[in-house]
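The values are calculated or read from the model by the stated rules, or taken from the named source; none is laboratory data. What you see is a predicted model; the values in this text were computed from it and never measured. Because the Cβ atoms are built from the backbone with ideal geometry, glycine has one as well, and the counts that use them run over all protein chains shown.
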Amino acid sequence: MKKLAFLVFLLSWSPLLWAQVSSCPDQFKAYNASGQEVTQFCVGQPIRFKSCLPNTQPDKEYYDFDKGNGVSFSTDTTKIFTYNQPGTYTVTQLINTGQISQKERTFVVVNTPPPVFTVIACAQNQVRVKITDTNYNNFLVDFGDGTKQNLNRGASATHQYSAGAPLKVIVTASYTGATCSRQTETTVQPLPAPTAPVLDNIRITTPGTAGTLVLSIKNLQPAYYYILERVVGASTTLIDTLKNPANATQSYNINNINTATPACFRLRTTDKCGSNLNVTLANICSQPLTATPGNNQVVLTWPFYREAGNLENYLLYRNGTLLQTLPANITTYTDNNVVCGTNYCYQLTAALKNNYSSVSNEACAAVTTTNALQPGTLSSTFTPNNQVALTFKPGNSNQPKIITYQKSQQNSPFTTFATSDKTILTDANAGTNSGQLCYQAFFEDNCGKTSAASNTTCPAILAATLNPNGTLNLNWTNYLGMPGAPQYVLERVAANGTVLSSTPVTGNTFSQKINTAEQQQYFRIKATIGNQAEISFSNTVLVQLESKFSLPTAFSPNGDNLNDRFEVKGQVYGNFRLQILNRWGQIIFDSSNQQNGWDGKIKGQDAPVGVYVYSLSATDSTGKNITQTGTLTLVR
C-alpha cells in the first residue's frame, strides 16, 4: 500500500522529475569517506551512494549493491557499502521523488597491489625509474630528496642525486576516477666509479674475406655497459654492446670480416641510463700479413699500423720462433735464410704501448728456386772395423731430399748401392780384397731438382806381407778425393784403434823389421792434404806372429840363482796351465800362472833327484790352443 502511494506521488510530479533527471542524468553518485565523488572503487574502501536529484528524501532512497546476485532492496535505507573483491558491479537505486523510479549504474572495483617498477643505479649517483605496472593509471615518483615527478604507464625518468645522498625512490600509484592509492619504497646502491676498459690484444685467427678477429678485453665492471665500435676515419659503426659482463676479462669474436684490410676498434663505457662517461679506450687495429715465395726467398709485406702513435715495433716470427725485431717504419721483410721446397709460416706482432699487441694472421709460403744445383763433395775413410764411411756435403748449402751413393771396384762402372736422406753413410761391404774402391754421389733437393755427380773419392787400401826373415813389407793405393797431393803417415794402432806409433812415409811402399814382442800388430795409413782438417784412413791390417816359447830339459834348484826354477820361457797368452808329475803319475806341482814356475819342492820338501814329466796347455793371442808334454831332469 506504501509502495503504491509512493508511485502515485511520483507520477503527480513527473514534469518536475524530468527537469531534475536532465540535470542529474545518472540520478545517483558514489562518494568516498572524504566526500569526494568517485567512479572507481578500491577493494576495502567504504563507498556512500547518494541521489543527486533535488528534493530527495533520504528515507525514500534504497540501493542494491550487486545486481549479479539478484536485485533486492533492503527495508532500511543503507547507502554505504564496502566491496571486498575486485570486479565489475551494477548498483541499482530505487527512489521516490514524487514518483517511483529505478536507476542502474555500473562501477569497477579494483585491487591495490604494490605498484610494479624498476630502479636502476647508474653512474655518477644517477638512478633510472621505469614504470612497468599494468594495473594503475597514475604514478607519482618521489626521489626522497624533495624531487617528485608524475609518470604514466611504461614511462621512465632519470634523476641525479647529490654526492653521498641515499638513492631512495618512493612510488605512489593510483587509478583515474578512484581516490585510493598504494605506495612502495626502495633503495639502491650507487655504482662504483667507472674505470677505463682495456683492449690489450687483437688477433687474426681465421684469415679471409669472411674471416675472424678475436679481441682480448680486460678491466670490465659488471654493472656497466660497454659499446664496441668499429672506427673508420672519423665515423664509427656499432658492433655490439656488452651488458653487465660477468667476468672482468673476456674474449670477443668478430666474424665475417675481411681480414686482409686493417680494421680498428674501440670501447666506450656507458651505463643502463645511457650516460656519456667519457671513458674510452684508445683504438686497436688488426694487422694483416702476406707471404710471397720468391727465388730461394720469402717476401713478407704488411700495411702500416693504422694507429701509428701507439706502435713501438714489430716482432716477426717464423714457425713459432722469433726471427727478427723490426722498426715501426717498415712494411716489408725478405727472408733469404730458407731451403728450397720447404714451407715456412710467419706471424707478425705489432708491439703497442702499455704491452698491448696486434697479432697478424699466419701467412705461409713454400720456397721455390730457378737456380741450378751445384754438385756436392764426397769424402771417404775406413773405420777401425774396415767399413767405409762416406760424408757428403751438398753444394750451395742446399738441403738434400735424397742422396744417391754409387760405388766402383777396380775401375768398373759406377753403380748405385744406397739411397738415403743422410749425409753420412757407411758401406759395410767395402771388401778390401777386391782392389781399389771408389765412390761418388748426387742428390735431389726438395724442389725436385737433381745435381750432377760429386767428385770421385777412393780411400787408400793397405796390404802387408811378413817375410821369413822378420821384415814387414807394406804397400797401399793412393787416396783420391781431396785436391792436391796427399801426405801419408803409417800408424801402428792397438786393437781398439789407439795410436801406438806413427811414421811419416812417402810413395806407396814401406818396409821395416817386425817387433816380435807382440804376437798381433795392427797397421793403417793416414792421408792428409796440406792444412786441411779432412783426414782419410786406409783399412787396418793385422800382422800376426807365431807364438814362441821354450822349456828347459833340466834344472838345479840349489839356491845359486842359476836355473833354480823350471818355467816356460817366451810368449804364452792365456789359459795357462803347467803340471809336474812323478814317475808314478802323481801331480806334484800345478800352476795357472806363467810367472809361477816349479821350485823343485814337494809340499815344502826338496824333491828327489831324478826324471819328472811335465804337461803344458795354453792359448796364444789368436786363440790357438797350445799343448806340449815332455820330461825334465832335476839335479842338485
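Worth a mention:
- Matching residues in segment 390-412 - criterion: being of a type in the set (Val, Ile, Thr) and surrounded by fewer than 21 Cβ atoms within 10 Å (Cβ to Cβ): Thr391, Ile402, Thr404
- Cβ pairs under 7 Å, 6+ apart, first in segment 602-613 and surrounded by 13 or more Cβ atoms within 10 Å (Cβ to Cβ), second not in a strand (DSSP E or B): Asp606/Gly600; Ala607/Gly600; Tyr612/Asn582
- At least 2 residues being basic (Lys, Arg) is the threshold, and among the strands (runs of 3 or more DSSP E) wholly inside segment 377-441 those reaching it are 400-409.
- Restricting segment 256-309 to residues that are charged (D, E, K, R) and assigned by TED's automatic domain parsing to the domain that holds Ile217, the residue that is farthest from Val127 (Cα to Cα) is Arg266.
- Comparison of Asn575, Asn558, Asn563 shows that the only residue that is assigned by TED's automatic domain parsing to the domain that holds Gly623, of a type outside the set (Phe, Trp, Tyr) and free of Cβ contacts under 8 Å to residues at least 40 places away in the same chain is Asn563.
- Ala123 vs. criteria under 30 Å from Ser275 (Cβ atoms), within 59 Å of the chain's Cα centre (by Cα), among the hydrophobic types (A, V, I, L, M, F, W, C) and surrounded by 17 or more Cβ atoms within 10 Å (Cβ to Cβ): yes
- Test: residue in segment 171-178 that is assigned to a loop (DSSP other than H, G, I, E, B), at pLDDT 95 or above and not acidic (Asp, Glu): no
- Hey, Ala372 part of a strand (DSSP E or B) and among the hydrophobic types (A, V, I, L, M, F, W, C) or not: no
- Pairing residues of segment 237-261 that are in contact (Cβ under 8 Å) with a residue 60 or more places away in the chain with residues that are buried (at least 17 other Cβ atoms within 10 Å of the Cβ) and assigned to a loop (DSSP other than H, G, I, E, B), at Cβ distances under 8 Å and at least 6 apart in sequence or on separate chains, gives Thr259/Pro207; Thr259/Ser286; Thr259/Pro288; Thr259/Asn361.
- For segment 169-186, the set of residues classified as over 59 Å from the mean Cα position of the chain (by Cα) and not β-branched (Val, Ile, Thr) consists of Ala173, Ser174, Tyr175, Gly177, Ala178, Cys180, Ser181, Arg182, listed by residue number.
- Exclusive hit being among the small types (Gly, Ala, Ser), at pLDDT 90 or above and part of a loop (DSSP other than H, G, I, E, B), set Ala260, Ala291: Ala260
- Test result for Leu490, within 24 Å of Gly530 (Cα to Cα) and touching a Lys or Arg at 6+ places or on another chain (Cβ under 9 Å): yes
- When the residues of segment 368-403 are filtered to those that are modelled with pLDDT of 90 or more and within 40 Å of the chain's Cα centre (by Cα), the one that is farthest from Ala460 (Cα to Cα) is Ile402.
- Leading residue by the ranking (nearest to the chain's Cα centre (by Cα)) among those in segment 544-587 that are of a type in the set (A, V, I, L, M) and modelled with pLDDT of 90 or more: Leu578
- Filter result for Tyr333 (of a type in the set (Phe, Trp, Tyr), over 18 Å from Asn355 (Cβ atoms) and part of a strand (DSSP E or B)): yes
- Those strands (runs of 3 or more DSSP E) of segment 2-121 in which at least 1 residues are at pLDDT 90 or above and among the small types (Gly, Ala, Ser), considering only elements entirely within it, cover 28-31, 46-51, 87-96.
- Tyr479 being under 23 Å from Ser379 (Cβ atoms), modelled with pLDDT under 95 and of a type in the set (Phe, Trp, Tyr): yes
- Among the criteria (1) touching a residue at least 40 places away in the same chain (Cβ under 8 Å); (2) out of contact with any helix residue (DSSP H, G or I) (no Cβ under 8 Å at 6 or more places or on another chain), the one Asn386 does not fulfil is (2).
For (1) in contact with a strand residue (DSSP E or B) (Cβ under 9 Å, 6 or more places away or on another chain); (2) charged (D, E, K, R); (3) in contact (Cβ under 8 Å) with a residue 60 or more places away in the chain; (4) closer than 29 Å to Val116 by Cβ, each residue gets a yes or a no:
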site: Asn152; (1), (2), (3), (4): yes, no, no, yes
site: Gln160; (1), (2), (3), (4): yes, no, no, yes
site: Pro166; (1), (2), (3), (4): yes, no, no, yes
site: Ile170; (1), (2), (3), (4): yes, no, no, yes
site: Glu185; (1), (2), (3), (4): yes, yes, no, yes
site: Pro192; (1), (2), (3), (4): no, no, no, yes
site: Ala210; (1), (2), (3), (4): yes, no, no, no
site: Asn219; (1), (2), (3), (4): yes, no, no, no
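- Of the strands (runs of 3 or more DSSP E) lying entirely inside segment 453-566, those containing at least 2 residues that are surrounded by 13 or more Cβ atoms within 10 Å (Cβ to Cβ) and touching an Asp or Glu at 6+ places or on another chain (Cβ under 7 Å) are 520-528.
- Residues in segment 305-323 that are part of a loop (DSSP other than H, G, I, E, B) and modelled with pLDDT under 95: Arg306, Glu307.
The rows are residues; the columns are (1) under 30 Å from Val198 (Cβ atoms); (2) buried (at least 17 other Cβ atoms within 10 Å of the Cβ); (3) free of Cβ contacts under 8 Å to residues at least 60 places away in the same chain; (4) of a type outside the set (Ser, Thr, Tyr).
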site: Leu348; (1), (2), (3), (4): yes, yes, no, yes
site: Lys353; (1), (2), (3), (4): yes, no, yes, yes
site: Ser358; (1), (2), (3), (4): yes, yes, no, no
site: Ala365; (1), (2), (3), (4): no, yes, no, yes
site: Thr370; (1), (2), (3), (4): no, no, no, no
site: Gly376; (1), (2), (3), (4): no, yes, no, yes
site: Thr381; (1), (2), (3), (4): no, yes, no, no
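- Of the candidates Ser235, Ser251, the single residue that is under 21 Å from the mean Cα position of the chain (by Cα) and either at pLDDT below 95 or within 18 Å of Ser357 (Cα to Cα) (or both) is Ser251.
- So Ser162, is it small (Gly, Ala, Ser) and either modelled with pLDDT of 95 or more or not in a loop (DSSP other than H, G, I, E, B) (or both): no
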